[in-house]
Every structure is written in structure tokens, then in C-alpha cells.
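As C-alpha cells, the structure follows; a few thoughts come after it.
The values are calculated or read from the model by the stated rules, or taken from the named source; none is laboratory data. If you're wondering where the values come from, they're calculated on a predicted model, not measured in any experiment. Quick reminder, even Gly has a Cβ in these numbers, built from the backbone with ideal geometry, and neighbours come from all protein chains shown. Heads up: the accessible areas ignore ligands, DNA and RNA and are worked out on the full protein's heavy atoms, side chains in. Shrake-Rupley method; radii C 1.70, N 1.55, O 1.52, S 1.80 Å.
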Amino acid sequence: MADFVFALLAQITAGSVLHPAHVSRRLACLQDVHAFQIDMFRSLLHGAGRMPGVASVLLVDPACHQNFGDTMLSEGELSLFASVGWDHGTVVQCNLNQARYTRGKCADILGPHERRPRFAVALLHAGGNWGSLYMQVHAPRMQLLRTLLQRNVTVIGMPQSMFYADAEGARKDARAIASYTAAYPRAAARMTLLWREPAHLLRARALFPSVRNELFVDVAFHLGPLLPRLAQTDVLFACRTDHESTGVCARLMGSVAAQRPDLRLLQRDWAQLEQPDKGAAHHAGRCPARALMASALEMLTGVHVLVADRLHITVLGYLALAPRVVLLDQSYGKVAGGGAPPPHPPAPP
């Protein structure tokens, strides 16, 4: 911890403005990431033989809640879909758990089983984790997955992280997906799962060998770049306050405060974002993502160094051109597990 504290202090004193050359490199990197995401997403659609038309795309359970990282993923997905030619009117959205009050229930939107499938492609939202960490999200997702494959809908799981608390949970999902792909014609060819971390991709290929599994860049990167702000706070510690916290972030802030009492330090988490009026959002039938984004960017306003153990606030800091972004890991290694994307989209199977 002591070595890390001194390394962080060195970053703090290295200057409060991102060098123009660094800005250029970061923007070039984002441009490459966007191109990769668009090319690979199109290849997945062509590989599945589906390039949907108007009102034929279903986005399942896009997050709109206090954990703004998941809401960032929803907005990144919509931005990516727009890049491949689907505007917001083309993509129908439905709620299982994370969309909350802003979307109709998926079962109501899909309608009776006898009805001819309305959707060519269903996209499983990237937030909420895959596995047993948030069963209130994952269990209804797995149930809907069966319904979609049964109705001959192509399913693409947007890039996720995976965590199972025990081996039996993983085996249960493996058996379920194997049974779905065996029971319904061409179901295996109509299902693709995308993963953010190479280690999770390898595990997914071992657990779910009957479907396609690929590595894909975190879709929140499709939101950027965002406008930077002038530095007013030396260090923002964006420390988790939920059960994924390791406590390292808060202890690090205490160590820095003890070493440098002259620094302007601030501690925040997603839960402290200013929340928009839920009643107005419900009445309008949409997620107040823009208001949440403004609140999140306000939290980053004037930050010289961002230290965080939340994956997507570090993504937001990168997109907003924060001069220094320091990543800490959370409880099961999601942050450290991230890897570079493959150089080219894989060929369709």
C-alpha cells in the first residue's frame, strides 16, 4: 500500500492538464475502438443471416437505475446501434428488472407464443453481470433466453463479465443453454455471447460450447469522447460502497490524506448522483439517461486524478479526458480482468 500511495502522489504532482499529444492518442484509440465495435457487430449480424429492418430489434432490459455504470452501457448500446444504422425508433426496449419503470414488460411486448415473431434479433443488455452475482437480473434473463430461441429469434448477448459464486450455478446455466440449443432448430447458430475479459471468454467457451462466444470491447466506450473540464479537485476517490468493494479504495484515500493534507480530496460513489424525478420519467416512458450523464460528468468536473474501483466510472473518466485515471480492482477481479480486443473481427462461422 505504501509504494502505491507514493506512486499516486507522483501522478498527482505531474500536472493537472492532459498533454495535447496524450489527447490525440486517446482520441485515436477511441476512433479505433469504435471502428472495431462497428465492424465486429456487423459481422455478427451478417454471420447470423440477420440484418434487421425497422421495428425488428429488441433490446432486453437496458439499465436505468442508480448504478450509473449500467446505464452508461445502455446508452453505449444505443450509440453503437445508431452507428450500424438503427436509430432509437428502430430498437424496441423491454424490462425484466434493470429498465425499471421506463419500459414495458418483455412478456407483454413479445406477446402470446402463437403470435408470429415480431423481432429478428434480440440483444441482451450488457449490464447486470452474467452469473449468480445478481440473480434478480440473471434468472429472468435465462428464462427469456429460452423463449427467444423457441420463437426463432437470433440472440446476441452484449459484452458482459461473468461471476458464479459456486460451480453448481455455472453447471446449471451450462445445462440450460445446452438443452435450449438441442431443443430448438438452429438455436446454436442463432446465439452469440460477447465477453469483455479474455479469461471470461475462455470460461464461457468451456461452459457453453454449443453457442458462439467472442471477445468484444466494453460497449460504454461507444459513448465517447466527452468534453473535458478544468481541474478543481486534486483527487476524486470513486469508491464502491456495495458488496463488491474490497475496502482498498477508502484506505488509499486515508493514506493519501495523511501524507498530503494540503490536497483537495473528494470521495463519491454512483449512489450520490443527483437523481431525476422518477414520476416525470415514468410519465414520459423513457430513461432519464441524459440527466444522469450530466450528473455523472458534474461529479468528474475539475478532477485532476480519478481513483476508482468501479469499472465504468474509470471508462467515463477516460472518455471525459481526465488527466489521470487510476484503476483499482473490485471483489472478483472484473477490472483487472479486462484485456485488449483482438485486432480484427473474427470471420463468421
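Between Y101 and K172, the C-beta separation translates, for a Förster distance of 25 Å, into a calculated FRET efficiency of about 0.25. Between T90 and R264, what FRET efficiency follows from the Cβ-Cβ distance if R0 is 41 Å, with the result rounded to 0.05? With R0 = 41 Å, the Cβ-Cβ based efficiency is 0.35. Peptides 265-272, 298-305, 157-164 ranked from most to least packed, by the mean per-residue count of other Cβ atoms within 10 Å: 157-164, 298-305, 265-272.
Between T147 and R251, full extension at 0.36 nm per residue minus the direct alpha carbon distance yields a gain of 32.8 nm.
Think of each Lys and Arg Cβ as +1 and each Asp and Glu Cβ as -1; about the Cα centre, that makes the dipole of segment 90-196 roughly 300 debye. Accessible area of segment 128-262 with a 1.4 Å probe: how many percent of it is carbon plus sulfur? After summing per-atom areas, the C and S share lands at 58 percent. Taking θ as phi - 60° and the Karplus parameters 6.51, -1.76 and 1.60, the scalar couplings of segment 165-180 work out to 6, 8, 5, 5, x, 5, 5, 4, 5, 4, 5, 5, 5, 4, 5, 5 Hz in sequence order, x denoting glycine and proline.
Legend: calculated FRET efficiency, R26 to S210, from the Cβ-Cβ distance at R0 = 41 Å, rounded to 0.05, equals 0.55. On a per residue basis, the convex hull of the C-alpha atoms belonging to segment 127-243 measures out at 135 Å³. Along the charge dipole of segment 67-108, pointing to its positive end and built from +1/-1 on Cβ of Lys, Arg, Asp and Glu, which listed residue (G76, V91, G104) has its Cα farthest out? The listed residue farthest towards the positive side: G104.
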